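K.L.:
Structure incoming, see below.
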Amino acid sequence: MHEFNEPFVTAWQLVAGADARLAGIVLLSLSVSLTATLIACVAGMPVGALLAVGRFPGRRVLIVLFNGLMGLPPVVVGLLIYLLLSRAGPLGQFGLLFSPAAMVIAQAVLVTPIVAALTRQVIADEWSEYREQLRSLGASRSRAAATLLWDGRFSLSTAALAGFGRAIAEVGAVMIVGGNIDGVTRVMTTTIALETSKGDLPLALALGFILIAVVLAINAVAYAMRGWAERHWG
Amino acid sequence: MNGTHWLAVNGLSLTEGSTRIIDDASLRFGAQHTVVLGPNGAGKSTLLRLIHGLLHPTGGSLDWPRALSQAMVFQRPVMLRTTALANVIYGLKLKGHSATECEQRARQALARVGLDALAKRPARLLSGGEQQRVALARAWALEPQLLILDEPTASLDPASSREVERIIKDIAAAGARILMTTHNLGQARRLGEEIVFIDRGRIVEQTPVEQFFTQPQTEAAQRFLKEESP
Amino acid sequence: MITRRLLCSALVAAGLLAAAASHAQERFITVASTTSTEQSGLFGHLLPVFEKANGIKVRVVALGTGQALDLARRGDADVVFVHDKAAEEKFVAEGFGVKRQEVMYNDFVVIGPKADPAKAAGKDILEGLRRIEAAKAPFVSRGDKSGTHAAELRYWKAAGVDLDKVKGPWYRDTGSGMGPALNTAASMNAYILADRGTWLSFKNRGDLGIVVEGDQKLFNQYGVILVNPAKHAHVKVADGQKFIDWVVSEAGQKAIADYKIGGEQLFFPNAKR
């Protein structure tokens, strides 16, 4: 068990020492995953809402599809995006491979189905409560979707958080499309993978603790904000 | 009963599987304030929803001599997670009014139901009675020609119920036709002009209010009144 | 509330875009190299010297040799820096590389349990491998088309061992980089072929130590090649060539020789000029 002592101490020393490289890696992880989650919300939430309130052929198939895509393996997403962005691939001329932008794209693709599927669930529950009243007032289905997205914003924050959690914790996609380049595309998870493969397990574990702490902190803040908002808005 | 009706229901049916929820209903609505009564599960709420357009009949038709603008208030008030004022404005915005007009009309509606002081409060934090008054303000602000209410005071305490009854009377006085259901016979007697009695999906009786309570014409109605009276 | 969150996200996105823009404007080349070279720490020592002298950032994508060459074939790198002469020459012959130049060498070592159950210890790599196979002692292979893996297969062949015939539970093909393979070997107490550089900087040694070293055959040559602009027009020819020229120059070769772990030199410069 003492194997866990050293990493705790190392983790604490890294944070207390305000190691510049560590700060850079943490900031990059956060900005890549936050941006990807933001894109996933912009793309996925309207889709989820329309799937919940809409009525069109193929709707059930789409619901099953999105639910299934929640389990997309990150490494597969990484491979697909790599093939797209590679110079030999269709989008090669933009030179996006091995950059933070590529990592954002890969994580956005990974996270959008999660956000869409969870949004659909939230909005479907809202819809069963509001359907008659909104239809009585004359709201079209798309108008209702927009209204419920705003109204369900607190529950939807949970969907966004779930997406963010997936993004910041994955290593398969960002490793392939980012290349784990020192100072450019090295994030927390790829650093942990690198240190593990170098056999520096205490350091890897220490970084792991820091990653968990960051994620927990974000979740705690979100939870508190949501509690305040619910008490305020009902 | 004067000759002009505002809605003719012809052979209206709603069948789900093998159950006839509404069974070949035919009647003409002509009163200014109609109350639909009947035992639980008779189909009162379903009839209202068919008339409002929330449900589609499997048979028969609704014939409107002149199309009427409608608004509906439900048993449980459905409030968006925003202020009372914003809830009322929402319906107005859907009708396409300008922002300033929406706010003006909404404030007037809230004042008419006695809630102008609570306009900026989060609607979901209001009491049940206050929320139902917001729902009424929201409906009233749309200036409907027909206001439909499905057991509007069922979840409210007596004091709030009286408030709501007063508001309904005010809306009627302003010129809207009222179509409502209730389990509260006293309320039906206080507010209604004509009673439509429905039992197991069939229209059984259509009688002016006083006559319904003193001399119900059908056996079913007599049985109903006996059971429902305290 | 939602405005606040949107604002935060917008700020973050703006920051990222700014960073991306600054990175895009940064002058850099992409070098595809091997995990063993990166994990030895050589690049951490070598590249800052080059970058300071030339103002060109070097972005290293570290993969196995086979993967690195495939990456370059697709045009996703400007320069390759790997250690598999046969594969490198094929790369140039196919027209994907301009010219192969030798840069430095290090050596392979056989790592194994200090108790050495197969009695493989010594200076002879081929004899050592024969003994490991005879004893059916656990042996971890990288199995990942890397330069190290290619070398391992050559040694088995040279030792007269037909792997397809004798492969069994003792031969563990992990399909992984040098570091992960060493981790696996350490936890299984198995033998493994590794480059000295990675071994010297590897910390999770368990009960393992160097078992076979010093054989001339264990000499591991590194080559550097510019990706051919005729196949991929966007290759940064001028800056890529600057890097190659520097690495084989006196300054670059000295920087390579200066890199030490625990006082021990890992790589031996041998560029022909």
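K.L.:
Say R0 is 56 Å: what FRET efficiency, to the nearest 0.05, do C:Val49 and C:Val166 get from their beta-carbon distance?
P.N.:
Between C:Val49 and C:Val166 the formula returns 0.75.
K.L.:
Counting helices only, and only those DSSP H runs with n ≥ 4, report the 222 nm mean residue ellipticity of chain A as the sum of -39,500 (n - 2.57) divided by its residues, in deg cm²/dmol to the nearest 500.
P.N.:
-27000 deg cm²/dmol
K.L.:
Rounded to a whole number, what is D in µm²/s for chain A from Stokes-Einstein with the Kirkwood radius over alpha-carbon pairs (10 °C, 1.306 mPa s)?
P.N.:
82 µm²/s
K.L.:
Can you work out the Karplus-derived ³J(HN,Hα) for every residue in segment C:97-102? Use 6.51 cos²θ - 1.76 cosθ + 1.60 with θ = phi - 60°, whole Hz, and x for glycine or proline.
P.N.:
Coupling constants for segment C:97-102: x, 7, 8, 8, 10, 7 Hz.
K.L.:
Moving to a separate point now. To the nearest 20 Debye, how big is the dipole of segment A:76-230 about its Cα centre, given +1 on the beta carbon of each Lys and Arg and -1 on that of each Asp and Glu?
P.N.:
380 debye
K.L.:
Could you pull out the trypsin sites (Lys or Arg not before Pro) across segment B:46-108 that fall in loop regions by DSSP (anything but H, G, I, E, B) with no more than 16 other Cβ atoms inside 10 Å?
P.N.:
B:Arg66
K.L.:
Residue-wise, which Karplus ³J(HN,Hα) couplings in Hz belong to segment B:63-71, taking 6.51 cos²θ - 1.76 cosθ + 1.60, θ = phi - 60°, and x for glycine or proline?
P.N.:
Here the 3J(HN,Hα) series is 10, 9, x, 10, 4, 10, 6, 10, 9 Hz.
K.L.:
Take C:Asp124, project a point 7 Å from its Cα along the Cβ direction, then tell me which residues of segment C:154-182 have their backbone nitrogen under 13 Å from it.
P.N.:
Residues C:159-160 qualify, since their backbone N sits under 13 Å from the label point.
K.L.:
Okay, next question. How many angstrom lie between the C-alpha centres of segment B:141-183 and segment C:87-154?
P.N.:
88 Å
K.L.:
May I ask for the net charge around A:Leu110, where only other residues with Cβ less than 9 Å from the Cβ of A:Leu110 are counted and Lys, Arg are +1 while Asp, Glu are -1?
P.N.:
In short, 0.
K.L.:
Taking a virtual spin label 7 Å from the Cα of A:Arg143 along the C-beta vector, which residues in segment B:113-156 bring their backbone nitrogen under 20 Å of it?
P.N.:
B:135-148
K.L.:
Something else now. Provide the FRET efficiency to the nearest 0.05 for the A:Arg135-A:Val214 pair, computing r from the beta carbons and using R0 = 45 Å.
P.N.:
Approximately 0.55, to the nearest 0.05.
K.L.:
Another question, then. For C:Ile29, what charge total do you get from the other residues with a beta carbon under 9 Å from its beta carbon, if Lys and Arg give +1 and Asp and Glu give -1?
P.N.:
Details: positive: C:Arg27, C:Lys57, C:Arg59, C:Lys236, C:Lys242; negative: C:Asp78, C:Asp239.
Summing Lys/Arg as +1 and Asp/Glu as -1 gives +3.
K.L.:
In nm, give the distance between the simple-model label positions of A:Leu91 and C:Ala257, each being 7 Å from the Cα along the Cα-to-Cβ direction.
P.N.:
The modelled label-to-label distance comes out at 4.8 nm.
K.L.:
For n ≥ 4 DSSP H runs only, could you compute -39500 (n - 2.57) per run for chain B, divide by its residues and tell me the 222 nm figure to the nearest 500?
P.N.:
Here the helix-only value at 222 nm equals -11500 deg cm²/dmol.
K.L.:
How many percent of the alpha carbon pairs in segment B:123-230 exceed a separation of 22 Å?
P.N.:
The answer is 37 percent, as a whole percent.
K.L.:
Let me ask something additional. Could you pull the Cα extents of segment A:1-89 along its three principal axes, largest to smallest, in whole Å?
P.N.:
Principal axes ranked by extent give 58, 37, 26 Å for the Cα atoms.
K.L.:
What's the whole-number percent of alpha carbon pairs in segment B:1-82 lying beyond 19 angstrom?
P.N.:
Result for the distance tail: 44 percent.
K.L.:
Let me ask something additional. Mind pulling the per residue volume of the convex hull built on the Cα atoms of the protein assembly as shown? Å³ is fine.
P.N.:
Enclosed volume per residue, from the Cα hull, is 235 Å³.
K.L.:
Measure nothing fancy, just the Cα-based angle from helix B:99-112's long axis to the longest principal axis of chain B, in degrees from 0 to 90, nearest 10.
P.N.:
The two axes meet at around 60 degrees.
K.L.:
Rounded to the nearest 500 deg cm²/dmol, what is the calculated helix-only ellipticity per residue at 222 nm for chain C, with -39500 (n - 2.57) per DSSP H run of length n ≥ 4?
P.N.:
-13500 deg cm²/dmol, from helical runs alone.
K.L.:
Stretched out fully, how many nm does the piece from A:Thr158 to A:Leu27 gain, at 0.36 nm a residue minus the Cα gap?
P.N.:
44.9 nm
K.L.:
If you don't mind, another one. How high is the FRET efficiency between A:Leu79 and B:His5 when r is their beta carbon distance and R₀ equals 60 Å, given to the nearest 0.05?
P.N.:
Details: r = 70 Å, r/R0 = 1.16.
E(calc), rounded to 0.05, equals 0.30.
K.L.:
Taking the Cα centre of the protein assembly as shown as the origin and placing charges on Cβ (Lys, Arg +1; Asp, Glu -1), which of C:Tyr222, B:Gly17, A:Ala20 is farthest toward the positive end of the dipole?
P.N.:
B:Gly17
K.L.:
Also, I was wondering about something else. State, to one decimal in nm, how far the label point of B:Leu68 lies from the label point of B:Glu219, with both points 7 Å from Cα in the Cβ direction.
P.N.:
It works out to 3.4 nm between the two label points.
K.L.:
Using the Kirkwood formula over every pair of different C-alpha atoms, what hydrodynamic radius in Å results for segment C:158-262?
P.N.:
After inverting the mean inverse Cα-Cα distance, the result is 17.7 Å.
K.L.:
Run the quick spin-label model on B:Ser229 and B:Glu210: label points 7 Å from Cα toward the beta carbon, then report their separation in nm to one decimal.
P.N.:
If labels sit at B:Ser229 and B:Glu210, their model points lie 1.7 nm apart.
K.L.:
Name the trypsin sites (Lys or Arg not before Pro) in segment B:113-162 that are in a loop by DSSP and that have at most 14 other C-beta atoms within 10 Å, would you?
P.N.:
B:Lys120
K.L.:
For chain B, with equal point scatterers placed on the C-alpha atoms only and solvent neglected, what are the log10 I(q)/I(0) values from the Debye formula at q = 0.09, 0.18 1/Å, to two decimals?
P.N.:
Taking Cα atoms of chain B as identical point scatterers yields -0.38, -1.33.
Read-outs throughout are calculated quantities, based only on the coordinates presented, and are distinct from any laboratory measurement. None of the values given here were measured: they were computed from a predicted structure. Note: ideal-geometry Cβ built from the backbone for every residue, glycine included; neighbour counts use all protein chains shown.
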